[in-house]
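Reviewing the structure listed below.
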Amino acid sequence: MLHTATREKLLESPEMNAQYAIEYPAYQPGPQAIQQLRLLLQDIRVIIVMGTWCSDCRQQVPRLYKVLDQADFPAEQITLIFVDESKKAADGLTDHLNINKVPTFILTASNKEIGRITESHLVTLESDMIEILTK
């Protein structure tokens, strides 16, 4: 599997595909939060650092994609990076990102990190994203 990829490449992993088929349709983001995110996510990029071997990733990544899809977030503003079990990616792609746990969802603006969600959300994915984006 490539180390940076698209959602389609992600779904080539049998374990990820099976869990995605469960988590994506089951997760129901709050409609008001989605409305707010549509405005807040303009000019934002999302970096997803994950491993298909990780159970938290198999649960949280499909949920994040559901939030982003409902907020009409452009796929070209998502960078998906695969890491091995030592949380490292090929070619040093994550060396500067300080990844200790996966999944890690990093929100950036103007190439600067403005916040991240690590391993799991505090409240919900969408409310945690709103919290980061309104600081």
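Structure summary
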item	result
Most to least packed among 114-121, 88-95 [average Cβ atoms within 10 Å]	114-121, 88-95
Set of aspartates and glutamates near Lys87 by C-alpha distance (under 18 Å), chain-local residues within fewer than 8 positions excluded	Asp56, Asp95, Glu119
Residue-count net charge about Pro29 - beta-carbon cut-off 14 Å; Lys, Arg +1, Asp, Glu -1	-2
Helix-only [θ]222 nm of the chain, DSSP H runs n ≥ 4, -39500 (n - 2.57) each, per residue, nearest 500	-11500 deg cm²/dmol
Neighbour net charge for Phe73 - beta-carbon separation under 14 angstrom, K R +1, D E -1	0
Amide N proximity, region 58-95 versus Leu11 label position 7 Å along Cα-to-Cβ, cut-off under 13 Å	62, 65-66
All lysines inside 16 Å of Lys88 as judged from Cα atoms, apart from same-chain residues fewer than 8 positions distant	Lys101
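All of the numbers you see were taken from the coordinates with simple rules; none came from a lab. Every value quoted in this text rests on a predicted model; they were computed, and no experiment measured them. Counting neighbours? That spans all protein chains shown, and the Cβs are built from the backbone with ideal geometry, glycine included.
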